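Written out below as structure tokens is the structure these notes cover.
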Amino acid sequence: MTVSINSAYAKVNGLEMYYEVHGAGHEGRRPLVLLHGGVLTVGLAFGAVLPAVAADRRVVAPELQGHGHTADTGRDMTVPNLASDVVALLDELGIEQADFLGYSLGGLTALEIAVRCPERVGRLVLAAAQYAQDGVHDDVRTPDFTSPRLPGRADFQQMADAYAASAPHPERFQELLAKCTAAANAPLPWTADDLRALRTPTLLVIGDTDFVRVEHAAEMQRLIPGARLAVLPATTHMALMRRTSLLLPLLSEFLD
């Protein structure tokens, strides 16, 4: 099956937000919104899964503030700001409700949308996303390439190369790293009661060698009514979206 791909920019909240549309809409199927992780692009985060998830539905994949083709602004990079941008993009595209697959920083953004704008979210997949600061392992807070949970030098080179190839200001890669680090370490805006109040069908996915602690993901699964949890074996944070043999069947069953 041939999957159509289009890209464009939308003016939202002072950003020229880049987004891609893959696949075609099918009657009765909500669009799927893909939200990438920090310092990544659509291609780096979702290149392995996009052909499959866009085979029979419309997929919208924006690049968040300062990432990829979307130029940064002087605004702070915060989860509420990123979520507001995505909702504004959906408004621009006339999408009242969508399913969401958010990965890492994109997962935090998707969770914020589900908590603050629950009517906009049909089904929610949170990949490698925590709801509280103590949800991640201590060793990921001191990036020195020694922890197996962290991106390695080759991963960072891939990020730098993708940024250089797409960013309006390729020389600002270190600024993006600093902003993403600040966003990742900032207090998160949710409580356990926020998760208990969610009525969105939710699938939580992490790797067994992820940033997110397995115990924390299990706590989220208990808090969110009816949530499902999948822990992929032999899987790091960076490898999670590339584990297609395990991930795609989970996504297909849950989203269908």
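For D193, only one of the following conditions fails: (1) touching a Gly at 6+ places or on another chain (Cβ under 7 Å); (2) charged (D, E, K, R); (3) at pLDDT 95 or above. What is its number?
Among (1) touching a Gly at 6+ places or on another chain (Cβ under 7 Å); (2) charged (D, E, K, R); (3) at pLDDT 95 or above, D193 violates only (1).
For (1) of a type in the set (V, I, T); (2) touching a helix residue (DSSP H, G or I) at 6+ places or on another chain (Cβ under 6 Å); (3) in contact (Cβ under 8 Å) with a residue 12 or more places away in the chain, each residue gets a yes or a no:
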{"residue": "R58", "(1), (2), (3)": "no, no, yes"}
{"residue": "N81", "(1), (2), (3)": "no, no, yes"}
{"residue": "L108", "(1), (2), (3)": "no, yes, yes"}
{"residue": "I113", "(1), (2), (3)": "yes, yes, yes"}
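Can you tell me which residue within segment 24-58, out of those that are surrounded by fewer than 22 Cβ atoms within 10 Å (Cβ to Cβ) and in contact with a Pro (Cβ under 9 Å, 6 or more places away or on another chain), is farthest from F173 (Cα to Cα)?
Of everything passing the filter in segment 24-58, G25 is farthest from F173 (Cα to Cα).
Here are some conditions: (1) surrounded by 15 or more Cβ atoms within 10 Å (Cβ to Cβ); (2) more than 18 Å from the chain's Cα centre (by Cα). G226 meets all but one. Which one does it not meet?
With respect to (1) surrounded by 15 or more Cβ atoms within 10 Å (Cβ to Cβ); (2) more than 18 Å from the chain's Cα centre (by Cα), G226 is out only on (1).
Determine which member of the set F173, F211 is touching a strand residue (DSSP E or B) at 6+ places or on another chain (Cβ under 7 Å) and surrounded by 13 or more Cβ atoms within 10 Å (Cβ to Cβ). If you could, list the steps in order and put the result at the bottom.
Numbers: F173 fails: touching a strand residue (DSSP E or B) at 6+ places or on another chain (Cβ under 7 Å).
On inspection, the qualifying residue turns out to be F211.
Taking segment 54-86 only, how many residues are touching a Lys or Arg at 6+ places or on another chain (Cβ under 7 Å), more than 16 Å from A162 (Cα to Cα) and assigned to a loop (DSSP other than H, G, I, E, B)?
Number of matching residues: 2.
Which of the residues that make up segment 92-106 are more than 22 Å from L248 (Cα to Cα) and in contact (Cβ under 8 Å) with a residue 24 or more places away in the chain?
Across segment 92-106, the qualifying residues are E92, L93, I95, E96, Q97.
Could you check segment 186-196 and list, in sequence order, the residues that are without any contact (Cβ under 8 Å) to a residue 24 or more places away in the chain and surrounded by 14 or more Cβ atoms within 10 Å (Cβ to Cβ)? Break it down into steps so the answer makes sense when it comes.
From segment 186-196, those without any contact (Cβ under 8 Å) to a residue 24 or more places away in the chain are 191, 193; that's our starting set.
Correct list: empty.
Do we have V115 as surrounded by fewer than 24 Cβ atoms within 10 Å (Cβ to Cβ), at pLDDT below 95 and under 21 Å from E219 (Cβ atoms) here?
Criteria not met by V115.
If you check A164, A160, A218, A184, which single one turns out to be among the small types (G, A, S), part of a helix (DSSP H, G or I), within 15 Å of H67 (Cβ to Cβ) and touching a strand residue (DSSP E or B) at 6+ places or on another chain (Cβ under 9 Å)?
So the residue among A164, A160, A218, A184 that is among the small types (G, A, S), part of a helix (DSSP H, G or I), within 15 Å of H67 (Cβ to Cβ) and touching a strand residue (DSSP E or B) at 6+ places or on another chain (Cβ under 9 Å) is A184.
Pairs please, first residue from segment 4-31 and farther than 17 Å from A45 by Cβ, second anywhere and at pLDDT 95 or above and of a type in the set (F, W, Y), Cβ atoms under 6 Å, 6+ apart in sequence or on different chains.
Final answer for the pair search is Y9/Y18; E16/Y9.
Would you kindly identify the strands (runs of 3 or more DSSP E) lying entirely within segment 1-53 that contain at least 2 residues that are among the β-branched types (V, I, T)?
5-12
Check segment 35-42 and report whether any residue there is at pLDDT below 95 and on the phi > 0 side of the Ramachandran plot.
Start the filter on segment 35-42 by keeping residues that are at pLDDT below 95, which leaves none.
Within segment 35-42, none of the residues are at pLDDT below 95 and on the phi > 0 side of the Ramachandran plot.
Specify the residue that is nearest to A129 (Cα to Cα); the eligible residues are those in segment 1-53 that are polar (S, T, N, Q) and more than 13 Å from the chain's Cα centre (by Cα).
Taking segment 1-53 and keeping what is polar (S, T, N, Q), we get 2, 4, 6-7, 13, 41.
Filter once more, keeping what is more than 13 Å from the chain's Cα centre (by Cα): 2, 4, 6-7, 13.
Numbers: T2: 32, S4: 30, N6: 28, S7: 27, N13: 25 Å.
Ranking the candidates gives N13 first.
The values are calculated or read from the model by the stated rules, or taken from the named source; none is laboratory data. Note that the coordinates shown come from a computational prediction; the quantities given were computed from them, not determined experimentally. Ideal geometry is used to build each Cβ from the backbone, glycine not excepted, and the neighbour counts take in all protein chains shown.
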